[in-house]
Amino acid sequence: MTKEQLNEYKRILMNMLKDLQSETASALNQMSNDEANTLELSDTADKATVEANRNFLLRVKDRERGLINKVKDALRRIENGTFGICEKCGGQIEENRLDARPVTTMCLSCKVEEEEEEAKTWKWNRKK
Ligand SMILES: [Zn+2]
């Protein structure tokens with residue numbers, strides 16, 4: 001991979017990180033607003049709505065935190081020169097995969113293999 005390509009991925013990842021962080025911040029804001037509202041509400045149905053909303057936001061936050069970590073990992077890999085290298089087989093990750101999802105850590109065949117393993121485990125668990 002050329003230095004230009006790496007810089008381009010770095011730029012994309014930095015933007016992703018910025019977006020995710022501001023989304024998380026606004027979700028958090030929303031959550032504390034809801035919290036303040038709950039105190040004033042006497043209606044149980046409304047409280048349930050606020051509660052459901054809050055659970056939803058917590059899930060969003062969790063998912064975003066996971067993504068933020070992935071983006072940070074990808075940026076770290078750019079810094080230490082392992083970006084674009086499959087963590088499973090050590091081969092090159094396909095460029096179209098990286099373009100579609102710069103946080104990806106596996107090449108296509110390893111990813112497919114992993115998904116098949118997961119499907120097997122899942123079936124096996126279901127049989128028990
Ligand atoms: Zn691989």
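The values are calculated or read from the model by the stated rules, or taken from the named source; none is laboratory data. If you're wondering where the values come from, they're calculated on a predicted model, not measured in any experiment. Ideal geometry is used to build each Cβ from the backbone, glycine not excepted, and the neighbour counts take in all protein chains shown. To get the accessible areas, we keep the full protein, side chains included, count just its heavy atoms, and leave off ligands, DNA and RNA. Shrake-Rupley method; radii C 1.70, N 1.55, O 1.52, S 1.80 Å.
Results for (1) within 15 Å of the ligand (Cβ to nearest atom); (2) at pLDDT below 95, shown as yes or no for each residue.
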| position | (1), (2) |
| --- | --- |
| Asp73 | no, no |
| Ile85 | yes, no |
| Lys88 | yes, no |
| Glu94 | yes, no |
| Met106 | yes, no |
| Ser109 | yes, no |
| Glu115 | yes, yes |
| Thr121 | no, yes |
| Arg126 | no, yes |
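Number of residues in the stretch 72-128 that are surrounded by 17 or more Cβ atoms within 10 Å (Cβ to Cβ) and of a type in the set (Phe, Trp, Tyr): the value is 1. The residue pairs whose first member lies in the stretch 77-97 and is of a type in the set (A, V, I, L, M), whose second member is open to solvent by less than 40 Å² (accessible area, probe 1.4 Å), and whose beta carbons are closer than 6 Å, counting only pairs six or more residues apart or on different chains, are Ile93/Gly84; Ile93/Cys86; Ile93/Cys107.
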